[in-house]
Structures are given as C-alpha cells and as structure tokens.
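Working notes for the structure below.
Bear in mind that the values in this text are calculations on the coordinates, not laboratory data. All values reported here derive from a predicted model rather than from experimental measurement. Reconstructed Cβ throughout: ideal geometry from the backbone, glycine too, with neighbour counts over all protein chains shown.
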Amino acid sequence: MTNTRRLKVFLCHASQDKPAVRELYKRLAAEKWIDPWLDEEDLLPGQDFDLEIYKAARNSDSIIICLSKVSVAKEGYVNKEIRRALDVADEKSEGAIYIIPLRLDDCTPSFERLKQLHFADYFTPNAHERLIKSLRLRADALKIATSENEAAPVDQPKVSIAKDDDLDLYRFIKIDLGSHAPVPYPYWIAKYPVTNRQYERFLKADDFAKEEYWLDFEKFDENGKSIGLWKDDGLKWLQEQLKDYTYFPRSQ
C-alpha cells in the first residue's frame, strides 16, 4: 500500500553554509513528494531549538549532511548533529539510503563513518538529479509516492521529434504552441538542452572566449534542414557582447 505522506528530509549543515543550503531547500521543496526540514524555515519562536532539531532529525526518512571546507574544519553544533544522525542510521535496515553526504565544495570529511558512504558532489554537473534519484529510491523503499509533482497534461503544446534521416547532425523537438504562441508559427529546440548551471560553468570557464568555440555553427531553416554554416557570425556576436562585461558572469 502506497503512503500518501511526503518524504521527510532533514538538512544538516553548518551556519556558514546557509546560503547554499537555503537554495537546496527551495529545490527540494519544489518536489511535491519531498518535505524538507530547515531550521530557519521550520523552527518557531519560543521552541527549544535543540529539542526540535533532534526530533526533526530522528523523525526524518533521510538526512542530507551538507559538507564544505568550512564545516569540516568547524567544531560545534554541526558535529553534534552529524553524530546524532550516524547513531540513528545504525537503527535503520542495512542498505537503506538514510544518510546522504553532500559535498558543497571539494572538501575532505573528518568523520570516518561518512567516508564509507558514496558522496554527492553538489559542485559537479547533474548532482541535483542524482540526489533526487537517491531520495526516490528511499521513498520507494518506504512506499511513498513520488509522482505527485508530475502535473497532468492539460491543453499542452503539441510536440514532435524529428527523425534521424530528417536532420543531418542534431535531433530537435518541434513545438507547435498554437494558441499559446506569441507568434503564429512553430519553433524548434534542441532535444538535449544545456541546463542553466552547465551554461554558467561554460561562461565562467577561462577559455570561454576561445575562437574555435564560436566558429562554423551549423545553420538550419524553419523545417529543420541544414542550410550551411554561420561561419564567423558567432565570433562576431561574442566580440560585440564582450564589450559589455556585465553581460556575462566571469569568474573572480
């Protein structure tokens, strides 16, 4: 029988890592089947914070231990939380995904018992997707439904995928927006789009403006047919945009 409740996820972290953990909390809360717990969101004025944190951690289905170079070098309350979490983990069934160590940067955890677990490196591509996959496995083990966040399609745009023999190099998705469209014609997007996080890493890379990356893009017509190359148009566009350095976020 499937549980109707949400998966309770406790976020263990050092106060210095609050900005990154706050963003993680928001992303988890966006999943309708996850109920994340974060002190600044869930503690109420007048409550005994130590008691409430203990109860929340103990009653959680999974604990994400957020680690950074700051937190692993710090002594204090965060280490107390980690020790509590490890003690509770001993009561869980063998193989249960209860504790998930999440590295916010390239740090080395000090707890030997954490080193036995596979880490999620949140500073690498697709890390959030892999984290969600682990939480889904935990939810499946507890028979908690994880499909509530998938909205039923209502009056959605029509989507068709181009066949391999239709396009020379890429696969595209054609979206016919119909009444949704601000313009009265369909458009094509790449089937495998780059995420905002991946694109940001590209923009911040030291070789971002390397000329060969901006030359000879393939050109397609409105039917998705290859009609040649853009030649040096991409490079000209880049050089024009770089005149305004605020347009691109650059590494410090």
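Brief remarks on what is shown
- Phi-derived couplings, Karplus 6.51 cos²θ - 1.76 cosθ + 1.60 at θ = phi - 60°, listed residue by residue for region 64-72: 9, 9, 7, 10, 8, 4, 6, 5, 6 Hz, with x used for Gly and Pro.
- Table column - 3J(HN,Hα) (Hz), region 129-143, Karplus curve with 6.51, -1.76, 1.60, x for Gly and Pro: 4, 5, 5, 4, 4, 5, 5, 5, 4, 5, 5, 4, 5, 8, 6
- Highest to lowest packing among 63-69, 3-9, scored as the average C-beta count within 10 Å: 63-69, 3-9
- Computed extension gain for W230 through E211, at 0.36 nm per residue and net of the alpha carbon distance, reaches 5.5 nm.
- Amide H contacts of L229: K219, each under 5 Å away and 5 or more positions distant or on a separate chain (H built 1.01 Å from N in the peptide plane; Pro and chain starts excluded).
- Label sites at F119 and A73, each approximated as a point 7 angstrom past Cα along Cα to Cβ, lie 1.5 nm apart.
- As computed over region 7-141, the Cα convex hull volume per residue (Å³): 106 Å³
- With 0.36 nm allotted per residue and the present C-alpha distance subtracted, the A29-L137 stretch has 37.1 nm of extension available.
- Sequence-distant lysines (8 or more away, or on other chains) whose Cα lies within less than 30 Å of K243: K204, K210, K219, K231
- Karplus-derived 3J(HN,Hα) values for region 25-33, using 6.51 cos²θ - 1.76 cosθ + 1.60 with θ = phi - 60°, are 4, 4, 5, 5, 5, 5, 7, 5, 9 Hz; glycine and proline are entered as x.
- Computed label-point distance, nm, for sites N3 and N126 using a 7 Å Cα→Cβ extension: 2.9 nm
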